[in-house]
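Student: My questions will all concern the structure given below.
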Amino acid sequence: MISLARFILKGHSQAALIAASMAMLGLLLPPVAWLSGAAVALVTLVKGHRNGLLVTAIAGIGTAVFAGLILSLPEIAVYYVLLVWLPVVMVAVVLRQTVSLVFSLQLIAGISLLGILVLYLFFPDFGEIWRSSLNMMADDLVANSKGALDTEQLQQVIDQIVRLLPGFFASSFMIGTMLSLYVARWWQAAIYNPGGFGKEFRAINLGKTTALIALAIAIAASFINADMFNAMLLIVFALYLNQGVAVLHAVFAGRQLNAAWLFMIYLFMFFVPHTVVLLALTGLADTWIDFRRRLIA
């Protein structure tokens, strides 16, 4: 991976090649798209916004050509430019200038919350666009279940998904941008400041102001019961999951615990999703309790 980062930093064409090729591969394996954004973010972090924008432009042209020749869908490049590369360039510029991973995360969350607000206010039928596709998937599930699935209950689930789609869309945007930035920052630290990203990540504390805003959104979602606030709650959850994971890593590093146990916790989280909620709540509570100071002695 470090060799890939060094290759990206060799020049604009190399960085654009990686960004475009990872973008195309990301159509088959979505997580790979994070590497596409990371390539552009790394150039921005190291060489500044002008170089980041230039790589974005070249990668956009390359992706349009590839997607046009292979899939006859050159417009895929527009999606990557607007929703992957330009946002991560903007956040990377902020991180480069402020040297604050916390502020960068707050910015990503703020953009995501604003996106939800815009979608619900100006595009209220955004979720309905996907209803026909969801109904087709539901019909296939019912047909393959041989009567095990209740059609009415499945339709209720689809209705809920449609109402919350702006939140899923915005949270996916947030997670993708955040992970691209993390990978780029890790690459940058590995080349110029080994171990620096780990220290920076383990120190994440989003502060009391952000926590109070998060609590206000959670309270609004509980009492107002509006789809918009429920969607915003997804962003809050994703944001404080970061702080929870940072606390977890800090405690393991501070107490010099075996990394195998950390892997087991991640595995447990995968099979027991409720533990992910607990970790996000831990991140929120850490704002006042400061688990790292109390548990690392």
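Student: Considering only C-alpha atoms, what is the centroid distance from segment 196-225 to segment 24-40, in Å?
Tutor: Spelled out, the Cα-based centre of one part sits 27 Å from the other.
Student: Still on this model: When the dipole is taken about the Cα centre of the chain, and only Lys, Arg (+1) and Asp, Glu (-1) are charged at their Cβ, what size is it in debye, to the nearest 20?
Tutor: Using Cβ point charges on Lys, Arg, Asp and Glu, the chain gives about 1480 debye.
Student: For the chain, what does the relative contact order come out to in percent, with C-alpha contacts under 8 Å and a separation of six or more?
Tutor: 17 percent
Student: Residue by residue through segment 98-110, which ³J(HN,Hα) values in whole Hz follow from phi under the Karplus form 6.51 cos²θ - 1.76 cosθ + 1.60 (θ = phi - 60°), with glycine and proline marked x?
Tutor: 9, 6, 10, 5, 4, 4, 5, 5, 4, 5, 4, 5, x
Student: Please name whichever of Leu154, Pro74, Ser132 sits farthest to the positive end of the charge dipole of the chain, dipole taken about the Cα centre and charges placed at Cβ: Lys and Arg +1, Asp and Glu -1.
Tutor: It is Pro74.
Student: Efficiency by 1/(1 + (r/R0)^6): what FRET value for Leu215 and Leu114, r their Cβ-Cβ distance, R0 = 22 Å, to the nearest 0.05?
Tutor: For R0 = 22 Å, the calculated efficiency reads 0.70.
Student: Full extension from Thr151 to Lys208: what is 0.36 nm times the residue separation minus their Cα-Cα distance, to one decimal in nm?
Tutor: Contour length minus Cα-Cα distance gives 16.0 nm.
Student: Tell me the relative contact order for segment 170-297 as a rounded percent, counting alpha carbon contacts under 8 Å between residues six or more apart.
Tutor: 29 percent
Student: Continuing with this model, one more query. Take Leu73, project a point 7 Å from its Cα along the Cβ direction, then tell me which residues of segment 157-199 have their backbone nitrogen under 18 Å from it.
Tutor: Output list for this probe position: 169, 173.
Student: Placing unit charges on C-beta atoms (Lys and Arg positive, Asp and Glu negative, everything else neutral), compute the dipole magnitude of segment 162-297 about its Cα centre in debye, rounded to 20.
Tutor: That gives segment 162-297 a dipole magnitude of about 320 debye.
Student: Hey, another quick one. Can you work out the Karplus-derived ³J(HN,Hα) for every residue in segment 127-133? Use 6.51 cos²θ - 1.76 cosθ + 1.60 with θ = phi - 60°, whole Hz, and x for glycine or proline.
Tutor: The phi angles translate into x, 5, 4, 9, 4, 4, 5 Hz.
Student: Given the peptides 71-79, 31-39, arrange them by the average over their residues of other C-beta atoms within 10 Å, most packed first.
Tutor: The most tightly packed comes first, giving 31-39, 71-79.
Student: Let me ask something else about it. Give me the distance between the Cα centres of segment 77-104 and segment 280-297, rounded to whole Å.
Tutor: With segment 77-104 and segment 280-297 each reduced to a Cα centre, they are spaced 28 Å.
Student: Let's test the formula: R0 of 25 Å, r as the Cβ-Cβ distance of Arg131 and Trp288. What FRET efficiency results, to the nearest 0.05?
Tutor: Taking R0 as 25 Å, the efficiency between Arg131 and Trp288 is 0.05.
FYI, it's all coordinate maths here, none of it is from the lab. Computed from a prediction, not measured in an experiment: that's the story for all the values here. Neighbour counts run over all protein chains shown; Cβ positions are idealised from the backbone, glycine included.
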